[in-house]
1. Looking at the stretch 147-202, which of its residues are in a loop (DSSP other than H, G, I, E, B), over 12 Å from the mean Cα position of the chain (by Cα) and touching a residue at least 24 places away in the same chain (Cβ under 8 Å)?
2. Among the residues of the stretch 212-228, count how many are within 16 Å of the ligand (Cβ to nearest atom) and within 18 Å of R152 (Cα to Cα).
3. Tell me which of these T30 doesn't satisfy, since it passes every other one: (1) modelled with pLDDT of 85 or more; (2) more than 16 Å from the ligand (Cβ to nearest atom); (3) among the polar types (S, T, N, Q).
4. Which residues, taken from the stretch 128-175, are out of contact with any Leu (no Cβ under 6 Å at 6 or more places or on another chain), farther than 19 Å from A37 by Cα and among the β-branched types (V, I, T)?
5. Just to be sure before I move on: is G272 in a loop (DSSP other than H, G, I, E, B), among the small types (G, A, S) and at pLDDT below 95 in the structure I sent?
6. Let me confirm something: among L194, L231, L178, which residue is away from the ligand (no atom under 14 Å from the Cβ), closer than 25 Å to D33 by Cβ and surrounded by 17 or more Cβ atoms within 10 Å (Cβ to Cβ)?
7. So which residues in the stretch 216-255 are touching a Ser or Thr at 6+ places or on another chain (Cβ under 9 Å), farther than 18 Å from P265 by Cα and not in a loop (DSSP other than H, G, I, E, B)?
8. Quick one: would you say A79 is modelled with pLDDT under 90 and within 29 Å of R191 (Cβ to Cβ)?
Amino acid sequence: MVREEPDEAAGARYTASMPDRLVLFDIDCTLIDAHGAGGRAIIRAIKDVYGVEGELGDYSFHGRTDPGIISDLAALWGAGEPDAAASADGTQPEVVHELVEAMGTPAALIERRVDECIARYLDALREEIARVDVETLPGIRELVTALAADRRALVGLLTGNVAEGARLKLEPTGLLPLFKVGAYGSDSALRADLPAVAVARAERLHGRRFRGKDVVVIGDTPADIECGASLGVTAVAVATGRYSVDELAAHEPDHLYADFSDWRPAYDEIMGGAPDRTAGSSGPAERGQRSEIG
Ligand SMILES: [Mg+2]
């Protein structure tokens, strides 16, 4: 039997062109500030689908997934409970009827309609995003552009937004094409499930398994810091959301920034330890890096 000798030179070239760091960004309050568009859209959708609304009180959207927020708020506001049916305003008779007739617990009723609520949310989000100026946070444009141009990095998203919601929020920034892989709230309502989803997608894209500290998760909440703990990822926190530097520091991220306005040190730390085997190499236009995000 003839055994083919591996072409070592070709293998070395292939390895040198492969990213060895998977850099995953949260969206809300990490990449952008959409000035409440997402929250307003989700509240509209819950009212339309479940017939309930109410005060947010201490509830925080931060670090949560879209399906998780819908389940939480629908339950908080009494969806599926007889009182909610009785107090519905009558403009949605089919909702009232369904609430009254529903078999099972309020939680079961809520879960059964989450997909419908997500669809309604996306319609509302299109309208809300059109009404605001989506703000790209300080230094983000420079940081993401530099990482996307670095052959050593594969840049992606790790977000509680459903995939279409992520696209709607990032499209106005012009940054969307720079993200080549993603894990979304539409993949799991549990943020802790998402790093493994992103790693699996990156492996399908590049045939490489990113492990441990070579996976970098960047976000503005304790949930972002903690979601990759079981994989031993590098956690990078940025205090551009509702959590202060001190509050985030208590959760012991590997790196912590007030914001990315001075983005070069962050860039170096994100890429830290990854040898630059491709110094002087071509930029992203010549890389032919594959993408799963349209
Ligand atoms: Mg966030």
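1. A149, D150, R151, R152, L175, K180, listed by residue number.
2. 3
3. Result: T30 fails condition (2) only.
4. Scanning the stretch 128-175 gives a single hit, T145.
5. On the way: in a loop (DSSP other than H, G, I, E, B): yes; among the small types (G, A, S): yes; at pLDDT below 95: yes.
It is true that G272 is in a loop (DSSP other than H, G, I, E, B), among the small types (G, A, S) and at pLDDT below 95.
6. On the way: L194 fails: away from the ligand (no atom under 14 Å from the Cβ); L231 fails: closer than 25 Å to D33 by Cβ.
None of the others qualify; the one that does is L178.
7. Selection gives D224, L248.
8. no
The values are calculated or read from the model by the stated rules, or taken from the named source; none is laboratory data. Predicted, not measured: the structure shown is a model, and the values here were computed from it. A quick note on method: Cβ atoms are made from the backbone with ideal geometry, for glycine too, and the neighbour counts reach across all protein chains shown.
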